[in-house]
Amino acid sequence: MKKLALIAILAFVGFNSAMAQKTAKMQFKSETIDYGEIKKGSDGVRVFEFTNTGDIDLVITNVTSSCGCTIPKKPDGPIKPGASGKIEVKYDTNRPGPIRKTVTVYSNAEEPTKALKIKGRVLDDETPKTDGGDTDTK
């Protein structure tokens, strides 16, 4: 009887440790969105695309930004293993100047907190766009 109880306990512990190893994983196409140089008032919506490369459903519980000028939107439901998802980010392009913001994703993934970046520059109406070329007119 003791051997049977010991076998049952070992089987239960083995099953639980096998289940504990299954995780969700987020694999992003890119962890940085570069707006480049955009005009004031331009469309500020961009998307972070990712795939759940884990073994269980990926649940994103929250997505926050480092500033009120950046509004992220998380997926509505869980992302199945092997499926793709999107995190939409809207930046307020009515604010001229550099864009350097962080979007933080909270989930049940193996890496539960993930920092994503957006960067670029919103041009003022008077700011010339830099193209890197020679501006000398001969």
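Here are the numbers:
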quantity: Per principal axis, descending, Cα span of segment 26-123 in whole Å; calculated: 44, 20, 19
quantity: Where labels lie 7 Å past Cα in the beta-carbon direction, separation of D57 and Q21 in nm; calculated: 2.4 nm
quantity: Residues D57, D125, sorted so that the one with the fewest Cβ neighbours within 10 Å comes first; calculated: D125, D57
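Each value in this text was obtained by applying a stated rule to the coordinates, not by laboratory testing. It should be emphasised that the depicted structure is a prediction, and the values quoted were computed from it without experimental measurement. Every residue, glycine as well, gets a Cβ built from its backbone with ideal geometry; the counts of neighbours run over all protein chains shown.
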